[in-house]
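Please read the structure below before turning to the comments.
The values are calculated or read from the model by the stated rules, or taken from the named source; none is laboratory data. In this text the structure is predicted, and so the values were computed from the model without any measurement. Positions of Cβ are backbone-derived with ideal geometry, glycine not excepted, and every protein chain shown enters the neighbour counts.
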Amino acid sequence: MADPAIETGDLVKTYGRNRGLTGLDLRVERGEVYGFLGPNGAGKSTTIRLLLDLIRPTSGRISVLGADPRRDGVALRRRIGYLAGDFVVDGRQSARELLTYLGNLRGGVPRARIDELAARLDLDLGRRIRGLSKGNRQKVGVVQAFMHDPELLILDEPTSGLDPFLQQEFLSLVREARADGRTVFMSSHVMSEVQQAADRVGIIREGRLVTVARVEELRERAVRRVEVTFAEPVAEAEFAALPGVSEVTVAGTTLRCRLDGRADALVKAAAGHTVIGLLSEEPDLEELFFGYYSREESVRAAA
Ligand SMILES: Nc1ncnc2c1ncn2[C@@H]1O[C@H](COP(=O)(O)OP(=O)(O)OP(=O)(O)O)[C@@H](O)[C@H]1O
């Protein structure tokens, strides 16, 4: 089996007395989209900078695409697309000039590829970088990360600064990269933007991983509100006893409830009647995500 795309073992980074990472064990498989989630200051950027050898670890092991970033940094950088959280570009050159220059550093990128990405993100390549808005500079950052079709994309808070339409376009780029067999590692402090594209999510808190789960697993565990409309009134009691179902109310022919986890029992019970309509809100993974934090905190408080 191929090496994982990213692997770290007991990775520690201290900044003087500040703890950046306190022992991070991370494993990202080839071909997956991995969402790296955590609040500000959790250690996401520190991890990413270590993976790219922009900073050096205090201790621990790092392997990226089977190589050691400390030894093979230059060769590795060509195989990686990186978007920094604080991606800054400035200068008198046009966006096209900058992207062509960066493309040449990575062994050359076809002009048509740059044009295609720019068109999708609605980026005017002829404009000078200096005159671009923050959002447009972020687009330059996205284009430079994807344009050479790298094996591994490492994206630090990639959608911050993009408007909702562009976020969707960005997520399409991520899905296409995955369909091509590439690996994507993207950090965020917002669950909702990651859940749409990620296969797995790792949650980092205070310098270490709190949990790793598949997005479907999180979805299964998530809580949602459901509303079912029947042809005839139904009995509240029939539904209140179902696994995962709580807070049942029946008003006329409409049943409303809270659903914790999978919908199977509720759907099967409802199917015993004539169902006119069914509404289920998207599960709020955000709630679950913060649930992990508070659980962690209560464990610590108890200790
Ligand atoms: N250069 C530095 N010097 C001192 N402390 C630092 C430095 N960089 C990061 N830290 C500390 O390390 C911890 C992790 O920071 P990091 O930037 O990796 O978090 P993050 O999860 O990326 O958050 P953000 O989204 O805010 O960037 C924080 O407590 C931060 O204060």
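Condition check ((1) closer than 23 Å to Glu151 by Cα; (2) polar (S, T, N, Q); (3) buried (at least 16 other Cβ atoms within 10 Å of the Cβ)) across all residues:
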position: Tyr101; (1), (2), (3): yes, no, no
position: Asn104; (1), (2), (3): yes, yes, no
position: Arg113; (1), (2), (3): yes, no, yes
position: Leu121; (1), (2), (3): yes, no, yes
position: Asp124; (1), (2), (3): no, no, no
position: Gly131; (1), (2), (3): no, no, no
position: Lys139; (1), (2), (3): yes, no, yes
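Name the pairs: first residue in the range 48-61 and in contact (Cβ under 8 Å) with a residue 60 or more places away in the chain, second residue away from the ligand (no atom under 11 Å from the Cβ) and assigned to a helix (DSSP H, G or I), Cβ to Cβ under 9 Å, at least 6 apart or on different chains?
These pairs meet every condition: Leu51/Pro69; Leu52/Pro69; Leu52/Gly73; Leu52/Leu76; Leu52/Arg77.
Looking at (1) surrounded by fewer than 19 Cβ atoms within 10 Å (Cβ to Cβ); (2) without any contact (Cβ under 8 Å) to a residue 24 or more places away in the chain, find the lone condition where Glu238 falls short.
Glu238 satisfies every listed condition except (2).
Kindly indicate the residue of the range 62-83 that is touching a residue at least 40 places away in the same chain (Cβ under 8 Å) and not small (Gly, Ala, Ser) and also farthest from the ligand (Cβ to nearest atom) among those meeting that condition.
Arg78
Which one of these is touching a strand residue (DSSP E or B) at 6+ places or on another chain (Cβ under 7 Å), closer than 30 Å to Gly81 by Cα and touching a residue at least 24 places away in the same chain (Cβ under 8 Å): Arg256, Arg182, Arg219?
Exactly one of Arg256, Arg182, Arg219 is touching a strand residue (DSSP E or B) at 6+ places or on another chain (Cβ under 7 Å), closer than 30 Å to Gly81 by Cα and touching a residue at least 24 places away in the same chain (Cβ under 8 Å), namely Arg182.
Does Phe289 satisfy being at pLDDT below 90 and of a type in the set (Phe, Trp, Tyr)?
yes
Report yes if Val88 is at negative phi, in the same structural domain as Tyr15 (by the TED database), among the β-branched types (Val, Ile, Thr) and not in a loop (DSSP other than H, G, I, E, B), otherwise no.
In short, no.
Provide a single number: the residues in the range 173-212 that are of a type outside the set (D, E, K, R), at pLDDT 95 or above and surrounded by fewer than 19 Cβ atoms within 10 Å (Cβ to Cβ).
Going through the range 173-212 one residue at a time, the tally reaches 2.
Given the residues Glu247, Glu206, Glu193, which is the only one that is over 23 Å from Thr46 (Cβ atoms) and either among the charged types (D, E, K, R) or in the same structural domain as Leu24 (by the TED database) (or both)?
On inspection, the qualifying residue turns out to be Glu247.
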